[in-house]
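Asker: Sharing a structure below in structure tokens format, with a few things to ask.
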Amino acid sequence: MSENFRLDRGGLINRNKKISFTFNGKQYFGYEGDTLASALLANGVHLIGRSFKYHRPRGFFGAGVDEPYAIVQMNRNNEVDPNVRATEQELFEGLEAKSVNCWPNVNFDIGAINNFLGKFFPAGFYYKTFMWPKSFWYKVYEPIIRKAAGFGTASIKHDKERYEHKYEYCDLLITGSGPSGLASAYAAAQNGAKVILAEDKSRFGGSLLTSEVTIGNQSGQEWAEKIISELKSMPNVVVKNRSQVFGYYDHNMLVMSERISDHLPKTEKYSPKQRLWYIRAKEVIISSGSIERPLVFGNNDTPGVMLSSAAKEYLKIYGVLVGKKPLVFTNNDSGYETAIEFKKNGIDPIVLDTRKNSNSEIIKEAKDLNINIKSSYVVVAAKGYKKVNSADIAKISDDKKNISNIENIKCDCICVSGFWTPTIHLASQSGNKTKFNKEIDAFIPSQSKQKETTLGSANGIFTLEETLKTSFEKGNELSKQITNKENKVSVPSVVEKKSSNHDKFWCVPLPEGKNYKRFLDFQNDVAVSDIQLALREGYRSIEHVKRYTTLGMATDQGKTSNLNGLQLVSDIENKVVPQVGHTTFRPPYSPVSIGAIVGREIGKHSKPTRKSPMHYWHEKNNAVFVDAGVWLRPRYYKQGNENLFEASKREAKNVRQNVGVCDVTTLGKIDIKGPDAAELLNRVYTNAWLKLPVGKARYGVMLREDGIVMDDGTTTRISENHYHMTTTTAQAANVLSHLEYYLQLVWPELNVNVVSSTEQWAGAAIAGPKSRDVLQKLFPDLNVSNEGLPFMGYMEGNLFGVNARIFRISFSGELAYEVNVESGNGNFMWEKIIELGKEFAIQPYGTEALSTLRIEMGHVAGSELDGRTIPYDNGLDGLISKKKDFIGKRSLYKKAFIAKDRQRVVGVVPIDKKTSIPEGSYLVRDANLKLPNPKLGHISASCWSVEYNNPFSLAILKDGKNMIGKKLFALSPLKNKSIPVEIVSSHYVDPKGERVRS
Amino acid sequence: MLHIKCPHCGLRSQNEFSYGGDATVKRPELNKEVSDQDWDNFVYLRKSPRGKHLELWQHISGCRQWIKVERDTLTHEIFTTLKANEEI
Ligand SMILES: [Zn+2]
């Protein structure tokens, strides 16, 4: 298909490079430098989607980020990208896009019936309609709404693209490369400031690319090119296109998304698709420009109705005619600029000006070109369903209340200009108290809260001369304060045409007997009648009106709709706009892909992975790993076709019968030194610590101030003022912070230092009745007999030339030792243990066997110390010193904590001795009661007891102390199980604890 | 994201710190009688002021020091930062 709407010459596209693409499966051609929108318009395609609520046909309304309609679904290199604005998407070879919001297709859309049922879809219809009956929500309403709503379909596949984050500091961040951005960046750069200049579009220059102005002796466009190339050559300046600063956060941190590869057919190797910049700027210059305001009239959402500035942009940048019989409807001089541009390209426009008598240099030029101008004229309604084919126009009375002389004229597009709205989103996000400027009928930034300055048309300044002057000044002034250097440049002379005042009129009254929909918010289908209804229903706050009608919400954030909405509320309420106020602008200014926000922190990169020094030995020996906090730990070592259950049973059994070795490197370790170390431990742990001799270890429990158990572990006195504390793997970081808190803030008088030594030591637990034999082989010169190294004893040794710490402590309940060596020697130690343990049938065991061993011994761990239990609940009340005070002790006297029927840990065995009880099951007295069945407790941990060869669980049970021997039921609604159980002691194996002392 | 001036390290981003709550809370002394009311006040009750708030932060990914930060809870303005042993 040929490009019927492309001019033979002109524009900034590369006509030497033809590009083919498809839209809704049909092939078209465009040029390098096109957007998807300009290329479609060049081919005469105006119907691009369906509207959100009524499924009315939608075309193009803008030419950039302000586009409310033209959202498409892209397919790029086999990846789906929803919610793409066709006006921003640059064309590349093979681009595939399709319409969203229509089914089965854009030309025949079943949802369009909503348009004819319009009266059933008034403001707030979701709230009204889908409230009743409640049960209908999940099954009926929600699926229908989900199918009907939204701007495309997200992929369910893993996104293979790479996204990066970057942190940057600069003196000045400048958001937008129009005249104010270029001038301020240039002035600041001359003073040596570190400048980042960000431009959302692919081309720098902003309005200079489309306006007829002269700067110095150059056209605006040439001047912009010159400044940009100079800035690019300066080492203190970073210039970024395709980069949108979308959020202004606390302490002058702004976030920018850089679209690195979206304009390419596929992302290049080693390159990210997008990069998110976190920029901390000393000063921010907001030079984001302004967006043209729509005029409101009947059917003003028909494809072919668009902003006049967009029509001009398509002409000047892309050489594309948005129509060949254009109607320009304007309340200010901007519409004339578009009309002049049409005329210059051989197209005869008709201008309807709402004003009676206006005169300016621009209007004079239009008249000189013999453009047909109708003053005091308005468009009443656009006609045509999928595309404008004519317009009802009328004369408007001087008081703008009455229309007369309605006539229908043929046209194929209506270019509207309702004056300009400064883009104040970033200033508003920063906390700027914006103010209403009556002259331009719009809000502009006022008192800055953070270090932010708004320049140019974003600040309501619409002449180039004034913009350049103030921008050069501000760029110089702000940078001078930072660099203490001044290298002032002179402001170039400017030639531009003067404009006349705009008309405050913006909303065309309905002709008698007609109820055309007059849209305010094109993205969310909010019409004048919706706002009127909301106000009739009693909504007054603009924030409420916004939520009730959806005006200015979603991805558009009211770029084109906000002010007209406010104006309407003010008119109806007989208030002035500043009293109504504007709604809060929220980041992001325009949509940011989830991938960019997440960055590289996905999957295994979402947290660091720590591996013990013995990791590769485990890998080589068929370990199956499990995440334990940030660590990877062997869960079991697979032999042959074993599964988890079989392997862990074998490993645990071998510990009970012979000897096993477990990698315990991951345990948190804290080195504690200082003359007051014992006193610190005495205050932190619940039991007594002042008399622990050198060379002895002790088990301790620490509480939070609210009496809840925080962590447990053993601490060993290495020498007079030196202790080695161990924590659980999960709590290591918290315990260190906890100790630092008390040492730095509460008891600074204690002379103690603490430091994490978790990664300095590799640890191996050797457990089982034959563990002493293995230890003796490892340390042939040491006396490791029960007398030489008793339970809870400590000694240092030499492991074949390597310094080692030996602790006689046990988690498995068996005779056991833990050997620590410096991390670098961890693998050496491990291999020695395996080698010398061979004759005693040593086997490595993983966390699953470790759990089994501790559960059947009734040793509490993380699943019992779950942040909800006190020492009593865990059977640890024997460790509470009555003689001394410690952190959290006072809380243990709370009424609930000393209740007679307080929960306590118990053992649970299924009566059939066969059925494993799922962790998390509820314990109840009667399995057949109606839900919610009163819960007496829950199963905290389950295992297969290798000692008794039947399932065994631990539970936290109400009045657990008096429940031993009782029969209850374990209910697992998740697994749909009801298991009769008997409550037994939590110390299922070796209740007297003889083995550890053997 | 806040920009917090650690009195030991200088200006650092918030993600290097962890929050530690009200810095004006004083722990009752050890081995002293404490009434139920006083203990509950210490453990549970916190003011939630709109405006200036003296609070604790720990520079966990830096010097590991607990510091005091006077911050406006409404505007997030930080007025001053202090070492653990300094009073405002
Ligand atoms: Zn620090």
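The values are calculated or read from the model by the stated rules, or taken from the named source; none is laboratory data. As the structure is a computational prediction, the values presented were derived from the model and not from experiment. Reconstructed Cβ throughout: ideal geometry from the backbone, glycine too, with neighbour counts over all protein chains shown.
Asker: Going through A:431, A:335, A:346 one at a time, which residue ends up being outside any strand (DSSP E or B) and within 14 Å of chain B (Cβ to nearest Cβ)?
Answerer: That would be A:431, the only listed residue that is outside any strand (DSSP E or B) and within 14 Å of chain B (Cβ to nearest Cβ).
Asker: So, residue B:51, is that one loosely packed, with under 14 Cβ neighbours inside 10 Å, away from the ligand (no atom under 16 Å from the Cβ) and under 12 Å from the mean Cα position of the chain (by Cα) or not?
Answerer: In short, no.
Asker: For residues that are at pLDDT 85 or above and touching an Asp or Glu at 6+ places or on another chain (Cβ under 8 Å), scanning just segment A:82-106, find the one that is surrounded by the fewest Cβ atoms within 10 Å (Cβ to Cβ).
Answerer: Result: A:90.
Asker: To continue, here is another question. If you go through segment A:482-523 one residue at a time, how many are of a type in the set (Ser, Thr, Tyr) and outside any loop (DSSP other than H, G, I, E, B)?
Answerer: 1
Asker: Is there a residue in segment B:54-69 that is surrounded by fewer than 16 Cβ atoms within 10 Å (Cβ to Cβ) and away from the ligand (no atom under 16 Å from the Cβ)?
Answerer: no
Asker: Can you give me the number of residues within segment A:699-710 that are in a strand (DSSP E or B) and buried (at least 21 other Cβ atoms within 10 Å of the Cβ)?
Answerer: Final tally of qualifying residues: 6.
Asker: Turning to a different aspect of this structure: Pick out, from segment A:525-616, the helices (runs of 4 or more DSSP H) lying fully within it that include 2 or more residues that are within 32 Å of the chain's Cα centre (by Cα).
Answerer: In segment A:525-616, the matching helices (runs of 4 or more DSSP H) lie at A:542-549, A:562-573, A:594-598.
Asker: Here are A:734, A:751: which of them is away from chain B (no Cβ under 14 Å) and either at pLDDT 95 or above or touching a strand residue (DSSP E or B) at 6+ places or on another chain (Cβ under 6 Å) (or both)?
Answerer: Within the list A:734, A:751, the selection yields A:751.
Asker: Now, a different point. Can you tell me which residue is farthest from residue A:590 (Cα to Cα) among those in segment A:196-219 that are of a type in the set (A, V, I, L, M) and outside any strand (DSSP E or B)?
Answerer: Step by step, filter segment A:196-219, then rank; the result is A:213.
Asker: Testing residue A:34 on (1) of a type in the set (Asp, Glu); (2) surrounded by fewer than 24 Cβ atoms within 10 Å (Cβ to Cβ); (3) closer than 27 Å to residue A:423 by Cα, one condition comes back false. Which one is that?
Answerer: (2)
Asker: Can we say residue A:344 is closer than 14 Å to residue A:415 by Cα and either in contact (Cβ under 8 Å) with a residue 24 or more places away in the chain or assigned by TED's automatic domain parsing to the domain that holds residue A:43 (or both)?
Answerer: In short, no.
Asker: Report, by residue number, each residue of segment B:1-45 that is within 16 Å of the ligand (Cβ to nearest atom), under 22 Å from residue A:734 (Cα atoms) and at the interface with chain A (Cβ under 8 Å from one of its Cβ atoms).
Answerer: B:13, B:18, B:20
Asker: I need every pair where a residue in segment B:1-26 that is closer than 22 Å to residue B:46 by Cα and at pLDDT 95 or above has its Cβ under 8 Å from the Cβ of a residue that is assigned to a strand (DSSP E or B) and within 8 Å of the ligand (Cβ to nearest atom), sequence separation at least 6 or different chains.
Answerer: From residues that are closer than 22 Å to residue B:46 by Cα and at pLDDT 95 or above, the pairs are B:17/B:6.
Asker: Sort out which residues of segment A:1-35 are in contact with a helix residue (DSSP H, G or I) (Cβ under 9 Å, 6 or more places away or on another chain), in a strand (DSSP E or B) and without any contact (Cβ under 8 Å) to a residue 60 or more places away in the chain, and write them in order of number.
Answerer: Residues satisfying the conditions are A:28, A:29.
Asker: Tally up the residues in segment B:70-88 that are within 11 Å of chain A (Cβ to nearest Cβ), surrounded by 15 or more Cβ atoms within 10 Å (Cβ to Cβ) and either at pLDDT below 95 or within 16 Å of the ligand (Cβ to nearest atom) (or both), please.
Answerer: The qualifying residues number 4.
Asker: For segment A:171-201, how many residues are surrounded by fewer than 24 Cβ atoms within 10 Å (Cβ to Cβ) and in contact with a strand residue (DSSP E or B) (Cβ under 7 Å, 6 or more places away or on another chain)?
Answerer: 2
Asker: Sticking with this structure for a sec: Do we have any residue at all in segment A:699-720 that's aromatic (Phe, Trp, Tyr) and under 42 Å from the mean Cα position of the chain (by Cα)?
Answerer: The answer is no; no qualifying residue exists.
Asker: Is it the case that some residue within segment A:357-365 is assigned to a loop (DSSP other than H, G, I, E, B), closer than 19 Å to residue A:294 by Cβ and within 50 Å of the chain's Cα centre (by Cα)?
Answerer: no
Asker: So for segment A:194-204 (the condition being within 22 Å of the chain's Cα centre (by Cα), basic (Lys, Arg) and farther than 30 Å from residue B:12 by Cβ), does at least one residue qualify?
Answerer: No, the conditions are met nowhere in segment A:194-204.
Asker: Is one or more of the residues making up segment A:396-404 within 14 Å of chain B (Cβ to nearest Cβ), surrounded by fewer than 16 Cβ atoms within 10 Å (Cβ to Cβ) and free of Cβ contacts under 8 Å to residues at least 24 places away in the same chain?
Answerer: No: segment A:396-404 contains no residue that is within 14 Å of chain B (Cβ to nearest Cβ), surrounded by fewer than 16 Cβ atoms within 10 Å (Cβ to Cβ) and free of Cβ contacts under 8 Å to residues at least 24 places away in the same chain.
Asker: While we're here: Which residues, taken from segment A:442-451, are surrounded by fewer than 20 Cβ atoms within 10 Å (Cβ to Cβ) and either assigned to a loop (DSSP other than H, G, I, E, B) or touching a helix residue (DSSP H, G or I) at 6+ places or on another chain (Cβ under 6 Å) (or both)?
Answerer: A:448, A:449, A:451
Asker: From (1) surrounded by 23 or more Cβ atoms within 10 Å (Cβ to Cβ); (2) at the interface with another protein chain (Cβ under 10 Å from one of its Cβ atoms), pick out the condition that doesn't hold for residue A:685.
Answerer: (2)
Asker: Looking for whichever is among the basic types (Lys, Arg) and within 14 Å of chain B (Cβ to nearest Cβ) here; the options are A:275, A:280. Which one fits?
Answerer: A:280
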